[in-house]
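Coordinate-derived values only; no laboratory data. Remember, it's a predicted structure, so these values are computed and weren't measured experimentally. Note: ideal-geometry Cβ built from the backbone for every residue, glycine included; neighbour counts use all protein chains shown.
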There are 2 protein chains.
Amino acid sequence: MKKRPSTITDIARALNIAASTVSRALHDSPSISNETKQAVIKMAKQMDYQPNMLAVSLLSKRTKTIGVIVPEITSYFFSTVISGVQDMVNEAGYKLVICQSNESFEEEQKLIETLALNRVDGFLISPASKTMKFSHLERLRTSGIPVVVFDRDCPGFEADRVLVDDFDGAFQAVEYLIKTGCRRIAHIAGPKNLTTCQHRMDGYAKALQKHHLSVEEDLIERVEGFTSEDGEEATKLLLNLHSPPDAIFAINDAVAIGAMAIIRERGLRIPEDISIVGFDDEPYSKYFHPSLTSVWQPVYELGMLSSKILMNHLSSEIDNPHYRYELLKPELIIRKSSKDL
Amino acid sequence: MKKRPSTITDIARALNIAASTVSRALHDSPSISNETKQAVIKMAKQMDYQPNMLAVSLLSKRTKTIGVIVPEITSYFFSTVISGVQDMVNEAGYKLVICQSNESFEEEQKLIETLALNRVDGFLISPASKTMKFSHLERLRTSGIPVVVFDRDCPGFEADRVLVDDFDGAFQAVEYLIKTGCRRIAHIAGPKNLTTCQHRMDGYAKALQKHHLSVEEDLIERVEGFTSEDGEEATKLLLNLHSPPDAIFAINDAVAIGAMAIIRERGLRIPEDISIVGFDDEPYSKYFHPSLTSVWQPVYELGMLSSKILMNHLSSEIDNPHYRYELLKPELIIRKSSKDL
DNA sequence: CTGTTAGCGCTTTCAA
DNA sequence: TTGAAAGCGCTAACAG
């Protein structure tokens with residue numbers, strides 16, 4: 001019962017014409033009689049013909065497929081980026097192959113290789129936190145497969161990049177905390193290797209510096225993951241300091257939520273005793289109690305823009321001479337986990 | 001500079017041997033001299049040869065790719081299912097093409113068609129809420145492409161199904177509310193068309209009935225989406241009743257969170273005045289205030305099991321005579337948004 | 001052990 | 001307007 005799908009040759013045979021004629025009829029080529037064309041179309045329908053895209057791709061050398069590699073799919077940030085990408089490329093008839101690296105360099109490397117073997121036309125990549133060398137991406141350039149890097153930069157690897165101004169986001173957040181009277185502002189930082197985290201750290205430091213506050217090592221805790229549990233652990237350490245912070249700027253909302261839980265557990269008030277600011281502005285963040293002040297990022301736009309740039313490469317025959325660098329602006333959303341001005 | 005990737009023929013030419021010999025060498029076939037084999041391998045490396053999977057797939061009629069179609073990727077539920085699928089199929093060397101239907105029948109139909117044209121080996125599908133007929137899935141069966149339906153059932157379409165016992169989950173939740181003294185238990189229900197929502201509704205009704213409480217139409221609000229905003233709207237209506245509920249069983253956690261926000265806004269206490277129970281047990285749910293009582297589902301396992309069943313089909317030559325039906329058990333996680341026993 | 005041939009399904013010359 | 005032939009990159013059957 002698993003019958004072989006019908007091919008263009010089957011149609012040709014059934015109609016006693018050449019396969020090439022069938023092909024022409026199906027693509028309404030100019031040089032075809034209306035008569036045969038109709039006959040072919042009718043027969044194609046009758047035989048439930050479906051073109052085999054593998055054969056088409058093999059011939060055309062284009063699969064109309066884009067490989068998307070993200071550290072994880074289960075986060076609001078990346079899944080929303082993907083939505084943006086999806087909406088952008090759908091109209092152009094591109095498919096998406098979405099893969100997660102689980103923050104592992106090896107998996108990322110393997111995924112890229114597999115997708116390249118399967119001849120995706122281009123890549124959209126946000127590198128894993130463990131990725132420190134980019135030879136695997138360099139190879140793609142050598143093979144002439146365009147790559148757009150998004151959100152997380154790859155220092156030393158030249159490519160189109162669409163990033164968020166994490167420095168500015170962090171700066172806005174921390175400066176706001178300072179203006180509302182906080183003086184001992186802690187930072188729960190993310191993996192050292194990620195440019196996003198580095199830039200947020202830099203923004204944090206810069207804001208302190210601008211307002212003549214010193215950057216104290218004690219007040220900086222680093223987490224390796226991005227979960228609320230990580231946030232809990234870091235916050236415990238911060239609260240145990242002989243002189244605990246009066247504000248925490250967390251690397252993201254999930255971590256901030258964990259921090260809030262511990263702070264409440266210790267009987268401290270938010271924001272009276274400790275202010276909290278997160279990063280990402282996840283959909284849930286406004287529903288926490290108190291609602292979470294957070295740095296919003298143009299996530300959907302990030303996906304749209306990255307894929308638009310990639311598709312420009314794909315549709316233009318010539319190799320672009322220079323790489324684009326786009327920096328999207330985040331915005332501080334003030335809620336109740338921080339004090340009023 | 002966009003140089004053509006080297007092929008098996010290139011290697012053959014360079015070594016002055018036949019393409020088939022190269023192929024054999026690269027697959028360490030038994031009938032090949034170690035000498036030529038080494039030479040081929042060396043040359044392949046030197047020329048940076050990468051097999052073209054399109055050609056391989058065209059020949060073998062298998063792409064080692066599975067199409068995954070979910071309503072949306074940006075939800076904890078589906079993205080976690082996908083993680084489970086990913087982890088399961090990776091070992092078997094299968095790739096995933098992940099697509100979202102955005103709850104639209106038309107998009108779902110189109111996605112299935114496109115993936116079929118691209119010859120995915122099998123499908124993992126959770127249908128859109130708007131999908132009411134399954135002719136597009138029926139077609140897949142006709143073409144002999146195996147399909148496993150997960151989470152949301154397709155009534156009238158025979159296939160392997162891996163579902164969660166939503167009836168039982170809802171029953172547990174509502175019975176618990178009754179046992180803690182609630183008597184006017186409202187239900188914020190989801191789209192009528194979804195079997196998951198129907199079953200939760202049935203479980204709700206059955207629990208009431210078992211404890212001799214009547215099912216009141218007034219106490220049932222239906223939402224079309226699954227967002228917190230939907231939950232807010234529904235809750236406003238419920239609280240405006242002349243005799244408002246003393247508990248709300250929400251179709252999922254996001255809706256429950258919206259409900260909590262409105263309840264607090266009205267100055268009512270949770271759970272003293274109104275108990276709340278959600279469904280999904282999202283990672284954040286325990287961090288809300290009060291922490292949310294919710295029905296946990298074995299989401300990751302759902303992904304693992306569904307893909308395992310699919311892969312069984314793919315590896316066995318014979319058409320399986322009967323379809324499997326798996327029902328996974330959910331579990332009520334009791335927290336602080338409901339009263340103690 | 002190796003080469004030749006054929007063919008997967010399709011498109012695109014080149015003739016007719 | 002149509003057909004025949006070649007070939008995309010690869011594998012497998014058959015000779016030798």
Checklist entry - In Å, what Rg and Dmax follow from the Cα atoms of the range B:8-51? => result 9.0, 24
Item to check | Ratio Rg/Rh, restricted to chain B and using Cα atoms, in which Rh is the Kirkwood radius | outcome: 1.15
Checklist entry - Between copies, how close do the B:Lys210 label points come, placed 7 Å along Cα→Cβ, listed in nm from shortest? => result 6.0
Checklist outcome for this item: Restricting to aspartates and glutamates and to Cα separations under 12 Å from B:Lys206, and discarding same-chain partners fewer than 8 apart, the set is B:Asp168, B:Glu175
Item to check | Largest-first principal axis extents, alpha carbons of the protein assembly as shown, Å | outcome: 79, 67, 51
Item to check | Using θ = phi - 60° and Karplus 6.51 cos²θ - 1.76 cosθ + 1.60, couplings along the range B:195-200 (whole Hz; Gly, Pro as x) | outcome: 4, 4, 5, 4, 5, 5
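For A:Asp87 and B:Asp218, FRET efficiency with R0 = 35 Å and r from the beta-carbon atoms, rounded to 0.05? Show your work: numbers first, answer last.
Numbers: r = 39 Å, r/R0 = 1.12.
Calculated value: 0.35.
Quick one: net charge around A:Leu219, please, counting Lys, Arg +1 and Asp, Glu -1 for every other residue with C-beta under 12 Å from its C-beta.
Details: positive: A:Arg183, A:Arg184, A:Arg222; negative: A:Glu216, A:Glu217, A:Asp218, A:Glu221, A:Asp246.
Net of charged neighbours comes to -2.
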Checklist outcome for this item: If R0 = 35 Å, then B:Gln209 and B:Glu138, at their Cβ-Cβ distance, give a FRET efficiency to the nearest 0.05 of 0.45
Checklist outcome for this item: Ranked by GNM mean-square fluctuation in chain A (Cα springs under 10 Å), the top entry among A:Leu237, A:Leu59, A:Leu124 is A:Leu59
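May I ask for the percentage of alpha-carbon pairs in the range A:253-307 that lie more than 13 Å from each other?
Details: 900 of 1485 pairs.
In whole percent, the share of Cα-Cα pairs in the range A:253-307 beyond 13 Å is 61.
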Next on the checklist: Just to confirm the numbers: A:Asp87, label point 7 angstrom along the Cα-Cβ line, distances to the other copies in nm, shortest first?
Outcome noted: 3.2
Item to check | For the range A:302-312, Karplus couplings with θ = phi - 60° (6.51, -1.76, 1.60), whole Hz, Gly/Pro x | outcome: 4, x, 4, 5, 4, 6, 5, 4, 4, 5, 4
Next on the checklist: Compute for the range A:1-134: radius of gyration divided by Kirkwood radius, i.e. Rg/Rh, restricted to C-alpha atoms, rounded to two decimals.
Outcome noted: 1.16
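Strictly over 18 Å apart at the Cα level, which of A:Lys336/B:Lys339; A:Lys110/B:Lys95; B:Lys133/B:Lys329; A:Lys61/B:Lys42; A:Lys236/B:Lys336; B:Lys130/B:Lys192 would you flag in this model?
On the way: A:Lys336/B:Lys339 27 Å; A:Lys110/B:Lys95 11 Å; B:Lys133/B:Lys329 28 Å; A:Lys61/B:Lys42 26 Å; A:Lys236/B:Lys336 23 Å; B:Lys130/B:Lys192 10 Å.
Violating the 18 Å limit, Cα to Cα: A:Lys336/B:Lys339; B:Lys133/B:Lys329; A:Lys61/B:Lys42; A:Lys236/B:Lys336.
In debye, nearest 20, what is the charge dipole magnitude of the protein assembly as shown about its Cα centre with +1 on Lys and Arg Cβ and -1 on Asp and Glu Cβ, if you could check? List each step's numbers first, then the result.
Values: 78 positive and 92 negative charges, 462 e Å.
Rounded to the nearest 20 debye, it is 2220 debye.
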Item to check | Dipole moment magnitude, nearest 20 debye, the range B:75-168 about Cα centre, only Lys, Arg, Asp, Glu C-beta charged | outcome: 420 debye
Checklist entry - Which trypsin sites (Lys or Arg not before Pro) does the range A:217-320 hold that lie in a coil by DSSP with at most 15 other beta carbons within 10 Å? => result A:Arg266, A:Arg269
Checklist entry - Efficiency by 1/(1 + (r/R0)^6): what FRET value for B:Asn34 and A:Asn16, r their Cβ-Cβ distance, R0 = 60 Å, to the nearest 0.05? => result 0.70
Checklist entry - When the chain is fully extended, how far beyond the present Cα-Cα distance does A:Leu341 get from A:Asn240, taking 0.36 nm per residue of separation? => result 33.6 nm
Next on the checklist: Considering only C-alpha atoms, what is the centroid distance from the range A:38-75 to the range A:280-312, in Å?
Outcome noted: 32 Å
Checklist entry - If one takes the longest principal axis of the Cα atoms in chain A, at what angle in degrees, from 0 to 90 and to the nearest 10, does the Cα axis of helix A:34-46 lie? => result 60 degrees
Checklist entry - Can you list residues whose amide H is under 5 Å from A:Val162's amide H, if they're 5+ apart or on another chain and H is modeled 1.01 Å from N? => result A:Val149, A:Phe150, A:Asp151, A:Glu326
Checklist entry - Top mean-square fluctuation among B:Leu238, B:Leu115, B:Leu15, Gaussian network model of chain B, C-alpha springs under 10 Å? => result B:Leu15
Checklist entry - Alpha carbon centre of the range A:251-278 versus the range A:104-161: separation in Å? => result 37 Å
Checklist entry - Can you list residues whose amide H is under 5 Å from A:His187's amide H, if they're 5+ apart or on another chain and H is modeled 1.01 Å from N? => result A:Ile220, A:Glu221, A:Phe249
Checklist entry - Got the A:Gly156 label distances to the other copies yet, label 7 Å along Cα→Cβ, in nm, shortest first? => result 6.0
Next on the checklist: Let me confirm one metric for peptide A:49-59, namely the mean number of other chain beta-carbon atoms within 10 Å of its residues' beta-carbons.
Outcome noted: 5
Next on the checklist: Just to compare against my own numbers: the Cα pair-distance distribution for the range B:166-297, 10 Å bins, whole % per bin, please.
Outcome noted: 14, 52, 32, 2
Item to check | Estimated distance in nm for a label pair at A:Glu158 and B:Lys329, the labels positioned 7 Å out from Cα along Cα-to-Cβ | outcome: 6.1 nm
Checklist entry - Which value in nm describes the separation of the simple spin-label points at B:Asn193 and B:Tyr300, placed 7 Å from the Cα toward the beta carbon? => result 3.3 nm
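I'd like the mean, over residues of A:251-258, of how many other protein chain beta carbons sit within 10 Å of each residue's own Cβ. Don't skip to the answer; put the middle values down first.
Details: counts 0, 0, 1, 3, 0, 1, 5, 1.
Mean inter-chain Cβ contacts per residue within 10 Å come to 1.
Before rounding to the nearest 500, sum -39500 (n - 2.57) across all DSSP H runs of length at least 4 in the protein assembly as shown and divide by the residue total; then give [θ] at 222 nm in deg cm²/dmol. Mind showing how you got there, number by number?
On the way: 24 runs with 294 residues, N = 682.
The helix contribution divided over the protein assembly as shown gives -13500 deg cm²/dmol.
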Checklist entry - Which of A:Asn240, A:Asn16, A:Asn90 moves the most in a Gaussian network model of chain A with Cα springs under 10 Å? => result A:Asn16
